[in-house]
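Have a look at the structure below before the remarks.
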Ligand SMILES: [Zn+2]
């Protein structure tokens, strides 16, 4: 592993690994998770307000990104909870055929299992987003050390998987459960907190036509669209994407990254 990957102050792999081991022993790390729109119950004492399914999370200090980088008739597609060996390649192929770009919010545990998919995403000109090591949806209620370990740990896995220094300009909170301290930890690691303005609700498996229609009705110039390439069966998402990509083009949309 190239030594230059280990940058202070937050990227000491040993510290991260130690933190993960301690947390695992404590029984608090869960590698199982649900999709963004369906957050698991959070104990009241720890919880922050959770947005109802389908609703964008509330602003945290006004610094959540939910628009495209450029103004105009642009849309930013974002895919969460991968990489997934079945669906991520299909989505990459669809995006490439359409000449589109997208942002992939990856979970560190999946990155470790499928590092080649990180390289494929980067080689196709897509951007990476840190979606934490273990997708702990109660992260806003955890300690700052835990938040840091989850975010820095995923960042480190992405670097190792890419095999070179790779940009990870965004962080997305698991379950869309944001808090000001969580965004602050991400900001200290030079990551923008990436929310969304359109929830495709693909995680509810409503059927391909419903995903397509929902996005078509909700999208506006500058929208950031939430989709999923991991976390379950994503056949509907792939089918919807294959319909939505030419539709976006026909409507004069171009593809951009979040701002
Ligand atoms: Zn997620």
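Taken together, the values in this text are just the output of simple stated rules run on the coordinates, not laboratory data. Quick caveat, the model's predicted, so the values are computed rather than measured. As a convention, Cβ positions derive from the backbone with ideal geometry for all residues, glycine included, and neighbour counts pool all protein chains shown.
Label positions at residue 63 and residue 205, each projected 7 Å from the Cα along the C-beta direction, are separated by 3.9 nm. Please report the spacing between the Cα centers of segment 176-248 and segment 100-148 in Å, no decimals. Each part's Cα centre sits 15 Å from the other's. The tail of the calculated P(r) for segment 63-255, taken as Cα-Cα distances beyond 21 Å, holds 47 percent of the pairs.
Tell me the label-point distance for the pair residue 189, residue 217, using the 7 Å Cα-to-Cβ offset, in nm and rounded to one decimal. About 3.7 nm separates the two model spin labels. Expressed in Å, the radius of gyration and Dmax of the Cα atoms of segment 74-185 are 13.7, 43.
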